[in-house]
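The values are calculated or read from the model by the stated rules, or taken from the named source; none is laboratory data. Since this is a predicted model, take the numbers as computed values, not measurements. Here the Cβ positions follow ideal geometry from the backbone for every residue, glycine too, while neighbour counts run over all protein chains shown. Ligands, DNA and RNA are stripped out before the accessible areas are found, and what is left, the full protein with its side chains, is counted by its heavy atoms. Shrake-Rupley method; radii C 1.70, N 1.55, O 1.52, S 1.80 Å.
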Amino acid sequence: RLLPVEEVMAQAAYHPQAPAVLIENALIIAAASGRAQIGALDIVAINRGARESVHEGDVLMIQQRPPPAEDSLTAQSVVLPDRRAGVLMVFAVFDRASFGLVLEASRPLAVGDALRSP
């Protein structure tokens, strides 16, 4: 099946801003490079788009969930809070997904890392 190609003009400048609505539970779903580790200046796909009110220029915080730690006193597994791992700016928005540019990464990122409003 063939679809017509749409002429799309790229923006000459982006204005980074916090999202107009609270964004939570978003995920990095793919990396344009196809590599397992993602770093600064890599392009990624996210699972939020225009239907969730994402706009070009929105800046999102990237968070990683550390592995569970063992409490040395009780020997029980403890869930640690998410830690900030980087910053992403959305540059292309579609109905159900968007593309973003990783602006900053303090540690290696991966598909499945969480995104939320700063």
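Name the residue that is farthest from Arg96 (Cα to Cα), counting only residues in region 51-70 that are in a strand (DSSP E or B) and either touching a Cys at 6+ places or on another chain (Cβ under 9 Å) or open to solvent by less than 70 Å² (accessible area, probe 1.4 Å) (or both).
Ranking the qualifying residues of region 51-70, first place goes to Ala69.
Only one residue in Arg96, Arg83 is farther than 16 Å from Ile29 by Cβ, open to solvent by 40 Å² or more (accessible area, probe 1.4 Å) and not aromatic (Phe, Trp, Tyr), so which one is that?
Of Arg96, Arg83, the one residue that is farther than 16 Å from Ile29 by Cβ, open to solvent by 40 Å² or more (accessible area, probe 1.4 Å) and not aromatic (Phe, Trp, Tyr) is Arg83.
Out of Ser77, Ser117, I need the residue that is open to solvent by less than 20 Å² (accessible area, probe 1.4 Å), among the polar types (S, T, N, Q) and out of contact with any helix residue (DSSP H, G or I) (no Cβ under 9 Å at 6 or more places or on another chain). Which one?
Criteria check complete, one pass: Ser117.
Condition first: touching an Asp or Glu at 6+ places or on another chain (Cβ under 9 Å), at pLDDT below 95 and either within 17 Å of Ala85 (Cα to Cα) or surrounded by 10 or more Cβ atoms within 10 Å (Cβ to Cβ) (or both). Can you find one or more residues in region 39-50 that meet it?
Within region 39-50, none of the residues are touching an Asp or Glu at 6+ places or on another chain (Cβ under 9 Å), at pLDDT below 95 and either within 17 Å of Ala85 (Cα to Cα) or surrounded by 10 or more Cβ atoms within 10 Å (Cβ to Cβ) (or both).
Against the definition (more than 16 Å from Arg116 (Cα to Cα), small (Gly, Ala, Ser), at pLDDT 95 or above and not in a loop (DSSP other than H, G, I, E, B)), how does Ala30 come out, yes or no?
The answer is yes for Ala30.
Against the conditions (1) modelled with pLDDT under 95; (2) in contact with a Pro (Cβ under 7 Å, 6 or more places away or on another chain); (3) not aromatic (Phe, Trp, Tyr), where does Ala18 fall short? Just the number, please.
Among (1) modelled with pLDDT under 95; (2) in contact with a Pro (Cβ under 7 Å, 6 or more places away or on another chain); (3) not aromatic (Phe, Trp, Tyr), the lone unmet condition for Ala18 is (1).
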